[in-house]
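Before I ask anything, here is the structure I am working with.
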Amino acid sequence: MTSLSRALTVRLGLLGLVLFIAFIAAVLAFTFITEDPGVLRNDVTSRIVQQSVRPSADSNLRVEKTADLLRIEHASPRLWYLVSDGRSVVEYAPELRPGLPIDIRLDGPTIAAQMRVGGDDALAFDVMEIDGHRIIVATGGGLPGWDLIIGHFLRAIAGSALAISVIFGILVAAAIAMSVSYISARLRSAAEAAARIDPRAPRGLLPTEETPVELMPLTTALNTALDQIAGNMEVQRRFMNNVAHELRTPLTVMRSHVDALIDEPARLQLTTDLSRLTTIVSSMLQLARLHVTELPFEPLQLNALARATLADLAPLILNHGVDVALEEEGDRHATILANEPTVRAALANLVDNALRHAQVRSTILVRILDGCVIEVVDDGIGIATAERSQVLEPFNRVSASTSGAGLGLTIVRDIMAAHGGTITILGNDGGGTTVRLVFPAEGTDGV
C-alpha cells in the first residue's frame, strides 16, 4: 500500500536535492564567469597558504608544507608567496615576486584586509589575525587545480548553502503537511459520502463541489460506475419480482391439476417437485421485496418473538420428529429495533434448515442471548470452514440430497443486512452447525 505522505516526502525531497545542487552549480558558474581567472587562482592559493601558517614556540613564523600547498608549488612554475608577522618573514620564490602595490606598516593596529589585483601580474594580498598576531600573506602566480578551486568555494559557501537548505527543508515539510492535510480532508469527505451510500441503491452520490480538479476524474468515474451498478441491480430486482409474481398463478393452477391425478405415485412425485418449485418462487419474491422496499422498524423483544415463532413452527417440528429447545440467557426484556415479519422469517428459515440436516431423535437448540442474539444449533453434517461463506449465496446448498432451494440462508443474510446486523456460521465440537444472528441493540447506530 502506497503512502501519500511518503510519496510526497520522497518526491519533494528529491526536488529539494536537485534545487540545492542547482544552486551550488549556479553560484560556482557565476563566480567562475565573473571573476578574473588570475584573481580566482590566487585567491585559492592565498587561502591554502593561510591554512599552512603554524605558530612557533620561538615566535618565528612557520609555513607547513601541506599536501595542497605542495601540489600548487609543483604545478605553478611562477608561484611566489610571502608570509610576515612584522618580526619574521617566510618567502617562497622571492625572485618572482614583483614590487607590492601597497605599503603596509607592520607596527600599526591589527586589522583584517583583502586586496586582489588582476591582469598578467595578478596577486592576492591579505591581512589576518592568528593567535593575536597580525599576519600578512601575499601571493601570485598560483595555478591550483580545479578540484582545489571547487573545494575552496564549496567551503566558502557552505554556511549560506546550509542555511538555505534548512529553510528549504522547513518549507518542504510545511508544504507536505499542508498538502497531505488538504488532500486527506478531500478524500475523507468523499469516503464519508461513500459510506452513506445505501448498498441496496448505490447511486452516484460522491461530492463534486469541493473535489479538487485532480480527483474529479476518479470521482466522476466512481459516480458513473455506481449509477450503472444501481441500474443493473434495479433491472435484476424487477426481473425477480416479475418472475415470482408471474409464476404464482401457473403454480396454483398446476397444484390443482396435480391434486386431481389418480396415479398415486405420480401425484406424490409431482407434488414434491411442485412444492420445491413453489418454495423457490416464494423465496425469490421475498428476496425481491427485501431489496426494493423500506422495512418499517419498531421496538421488539427478541425473546417473546422467538417463543411465538417456535409455537407457529410446532407442526413442522413434530412432522420431522425432532425436539427443539429454547434457552434464554441474560436480559429477557431487552428490546431491539427491527421488522417483526422479516425477523420471524429469518428464525423460521434457520429452524427449517436445522430440521433438514438434523440427526434422527436429535435436539435443535434455539438460544437467545441478552435480547439481541439468536443462535440456532443443530447436530447435522456440519459445514466445512471453506464453504461457510458460500452457503450464504443464492442457490448454494450444503448437500445435493437436501430438498431446499438454497435460498434460505441468503434470505437470512439479506434480512440481517437490512437490520444492520450480522450472520455468522460456526462449527460445533461434537459436529453440526451453529448459526448466530446479532442484532444491534436499541439505541445503537446499527439501524
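The values are calculated or read from the model by the stated rules, or taken from the named source; none is laboratory data. For clarity, every value in this text was computed on a predicted model and none was experimentally measured. Cβ atoms come from the backbone with ideal geometry, glycine included; neighbour counts cover every protein chain shown.
Could you please let me know if residue 291 is modelled with pLDDT under 75, surrounded by 15 or more Cβ atoms within 10 Å (Cβ to Cβ) and not hydrophobic (A, V, I, L, M, F, W, C)?
Details: modelled with pLDDT under 75: yes; surrounded by 15 or more Cβ atoms within 10 Å (Cβ to Cβ): yes; not hydrophobic (A, V, I, L, M, F, W, C): yes.
The answer is yes for residue 291.
Specify which of the listed residues (330, 380, 321) is touching a helix residue (DSSP H, G or I) at 6+ places or on another chain (Cβ under 6 Å) and in the same structural domain as residue 421 (by TED's automatic domain parsing).
Result of the check over 330, 380, 321: 380.
When the residues of segment 132-146 are narrowed to those that are more than 60 Å from the chain's Cα centre (by Cα) and modelled with pLDDT under 80, which ends up nearest to residue 84 (Cα to Cα)?
134
Conditions: (1) on the phi > 0 side of the Ramachandran plot; (2) modelled with pLDDT under 85; (3) surrounded by 13 or more Cβ atoms within 10 Å (Cβ to Cβ). Residue 117 meets all but one. Number of the miss?
(1)
Kindly check whether there is at least one residue in segment 10-30 that is crowded, with 16+ Cβ neighbours inside 10 Å, modelled with pLDDT under 70 and assigned to a helix (DSSP H, G or I).
yes
What residue, of 421, 371, 382, is at pLDDT below 85 and either buried (at least 17 other Cβ atoms within 10 Å of the Cβ) or at positive phi (or both)? Please lay out each step first, then the result.
Numbers: 421 fails: at pLDDT below 85; 371 fails: at pLDDT below 85.
On inspection, the qualifying residue turns out to be 382.
What's the total number of residues in segment 363-383 that are hydrophobic (A, V, I, L, M, F, W, C), in contact with a Leu (Cβ under 7 Å, 6 or more places away or on another chain) and part of a loop (DSSP other than H, G, I, E, B)?
Result for segment 363-383: 1.
From 76, 52, grab the single residue that is in the same structural domain as residue 135 (by TED's automatic domain parsing), more than 20 Å from residue 136 (Cα to Cα), at pLDDT 85 or above and among the polar types (S, T, N, Q).
76
Let me spell it out: the conditions are (1) buried (at least 19 other Cβ atoms within 10 Å of the Cβ); (2) farther than 19 Å from residue 407 by Cβ; (3) small (Gly, Ala, Ser), and residue 354 meets all of them except one. Which number is the exception?
(2)
Sort through 127, 166 and tell me the only one that's at pLDDT below 85, within 30 Å of residue 12 (Cα to Cα) and not polar (S, T, N, Q).
Unique residue meeting the criteria: 166.
Hey, another quick one. Could you identify the single residue in 307, 332 that is assigned to a helix (DSSP H, G or I), within 17 Å of residue 366 (Cβ to Cβ) and not hydrophobic (A, V, I, L, M, F, W, C)?
Exactly one of 307, 332 is assigned to a helix (DSSP H, G or I), within 17 Å of residue 366 (Cβ to Cβ) and not hydrophobic (A, V, I, L, M, F, W, C), namely 307.
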